Amino acid sequence: MATNGNDAKKQPPSPSPLRNSKFFQSNMRILITGGAGFIGSHLVDRLMENEKNEVIVADNYFTGSKDNLSKWIGHPRFELIRHDVTEPLLIEVDQIYHLACPASPIFYKYNPVKTIKTNVIGTLNMLGLAKRVGARILLTSTSEVYGDPLEHPQKEEYWGNVNPIGVRSCYDEGKRVAETLMFDYHRQHGIEIRIARIFNTYGPRMNIDDGRVVSNFIAQALRGEPLTVQLPGTQTRSFCYVSDMVDGLIRLMEGDNTGPINIGNPGEFTMMELAQTVKELIDPKVTIKEVENTPDDPRQRKPDISKAKELLGWEPKVTLRQGLPLMEEDFRRRLGVPKKA
Ligand SMILES: NC(=O)c1ccc[n+]([C@@H]2O[C@H](COP(=O)([O-])OP(=O)(O)OC[C@H]3O[C@@H](n4cnc5c(N)ncnc54)[C@H](O)[C@@H]3O)[C@@H](O)[C@H]2O)c1
Ligand SMILES: O=c1ccn([C@@H]2O[C@H](COP(=O)(O)OP(=O)(O)O[C@H]3OC[C@@H](O)[C@H](O)[C@H]3O)[C@@H](O)[C@H]2O)c(=O)[nH]1
């Protein structure tokens, strides 16, 4: 008999039979797609702290690097696979953190068709894997699903204001479809899903020429170049330090709520305020240069994190003024610009 595709009460598939193997098994085998990237590599560090975890990273190194994982290469509980998520992956795991996707606008716009494939086919492949082995899967979605929001701050119930045919759509709409796929697999196949809507996150290990605003301003200040504030400069973002983000993602994965749940720091700054703060912290002599913006840049963004507080017992701890110097230290080391005594 055909199954009812909309049966929300359907049970999830049973976990991998390898759980009962006579060979040594860690308690939890965790796949992190995009684990060689910025957030992914910090997540690897945190999950590897637990001796009961075995961590497998699958990454195509488009924006990530083996350098971010160098301390784990060769570790018996760690495995690194060069793999593009637009191709199927056949392995046995208990949990999947699905992060693979370029995140900086300059990188996701570089090959928009590939960005859509990564979000749609990549998420389908990872859901197929979750279904086959009975794994729980967490998607790192984004505040960009709210587009240029007409509600402020953004609650999870807000459906967003997204241009479907613009230059950011490959990412925004790609992530929206990825969320849809997650819920359809959940309803139709009983897959255990978790969706995090991540707001702008920063910290050590961001690519120096990543193109995102915090890394741009810090690198520019250290190189003695003008800070490029894109017009009008009054647009706002809310910046979350990476350790807080990793904490939120793990709580979401381990908890009972599917989400979507906003994970971000509600502290809101204009880009001009951010530039002034970086200037003051790193080098008061650097100048600020106003430059053209890119199409469809959201004018305001700030998460309502009531759900994360209530359902995950999570809220960010690191303020922007505490986090920026930690990132400055990492950038100084990588750029070879020591702090003057
Ligand atoms: N950092 C943020 O502010 C932010 C905000 C919202 C959402 N997110 C989401 O969090 C995740 C991680 O972001 P990040 O800031 O660490 O970015 P990142 O670019 O540093 O990491 C992305 C990783 O995915 C890999 N990747 C890209 N396409 C792939 C593919 N087809 N197959 C396999 N690997 C692939 C890259 O090589 C990289 O290692 C992304 O899904 C992103 O959309 C990030
Ligand atoms: O040099 C710069 C770069 C950027 N900006 C401005 O800074 C703001 C933030 O831009 P970013 O490129 O850092 O990031 P965005 O907020 O546009 O997208 C980000 O948020 C959601 C995530 O899903 C994306 O992965 C992430 O890149 C924009 O208003 C942009 O115009 C500058 O003023 N100067």
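The values are calculated or read from the model by the stated rules, or taken from the named source; none is laboratory data. None of these values were measured; they are calculated from a predicted model. Every residue, glycine as well, gets a Cβ built from its backbone with ideal geometry; the counts of neighbours run over all protein chains shown.
Go through the range 25-65 and report how many residues are part of a loop (DSSP other than H, G, I, E, B), within 9 Å of ligand 1 (Cβ to nearest atom) and either touching an Asp or Glu at 6+ places or on another chain (Cβ under 6 Å) or not polar (S, T, N, Q) (or both).
Selection size over the range 25-65: 8.
Do you know which residues across the range 146-182 are closer than 28 Å to LYS10 by Cα and either of a type in the set (S, T, N, Q) or touching a residue at least 40 places away in the same chain (Cβ under 8 Å) (or both)?
Answer for the range 146-182, where residues must be closer than 28 Å to LYS10 by Cα and either of a type in the set (S, T, N, Q) or touching a residue at least 40 places away in the same chain (Cβ under 8 Å) (or both): GLU156, GLY174, LYS175, VAL177, ALA178, GLU179, THR180, LEU181, MET182.
Restricting to the range 253-274, and then to whatever is part of a helix (DSSP H, G or I) and surrounded by fewer than 19 Cβ atoms within 10 Å (Cβ to Cβ), can you tell me which residue is farthest from ligand 2 (Cβ to nearest atom)?
GLU254
Count, please, the residues in the range 104-129 that happen to be within 30 Å of PRO12 (Cα to Cα), small (Gly, Ala, Ser) and within 16 Å of ligand 2 (Cβ to nearest atom).
1
Failed condition for ARG301, given (1) within 18 Å of the chain's Cα centre (by Cα); (2) charged (D, E, K, R); (3) more than 24 Å from ARG176 (Cα to Cα), with all others met?
(3)
Determine whether the range 143-161 contains at least one residue that is under 19 Å from the mean Cα position of the chain (by Cα), of a type in the set (A, V, I, L, M, F, W, C) and either at pLDDT 95 or above or not assigned by TED's automatic domain parsing to the domain that holds ASP84 (or both).
Yes, the range 143-161 contains at least one residue that is under 19 Å from the mean Cα position of the chain (by Cα), of a type in the set (A, V, I, L, M, F, W, C) and either at pLDDT 95 or above or not assigned by TED's automatic domain parsing to the domain that holds ASP84 (or both).
Conditions tested, residue by residue: (1) hydrophobic (A, V, I, L, M, F, W, C); (2) in contact with a Pro (Cβ under 7 Å, 6 or more places away or on another chain); (3) modelled with pLDDT of 95 or more; (4) assigned by TED's automatic domain parsing to the domain that holds GLY160.
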position	(1), (2), (3), (4)
LEU222	yes, no, yes, no
PRO226	no, no, yes, no
ASP244	no, yes, yes, yes
VAL278	yes, no, yes, no
LEU281	yes, yes, yes, no
LEU311	yes, no, yes, no
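Residues being away from ligand 1 (no atom under 13 Å from the Cβ) and not polar (S, T, N, Q): count how many of those fall in the range 183-207.
Total meeting the criteria: 11.
Test TYR158 against the stated conditions and say whether it is near ligand 1 (Cβ under 10 Å from one of its atoms), closer than 19 Å to ALA196 by Cα and among the aromatic types (Phe, Trp, Tyr).
no
When ILE250 is evaluated against the numbered criteria (1) part of a loop (DSSP other than H, G, I, E, B); (2) away from ligand 2 (no atom under 13 Å from the Cβ); (3) hydrophobic (A, V, I, L, M, F, W, C), which criterion, by number, is the only one it fails?
So the condition that ILE250 fails would be (1).
When residues of the range 283-309 are filtered for being in the same structural domain as GLN220 (by TED's automatic domain parsing), out of contact with any strand residue (DSSP E or B) (no Cβ under 8 Å at 6 or more places or on another chain) and among the basic types (Lys, Arg), how many remain?
The total comes to 1.
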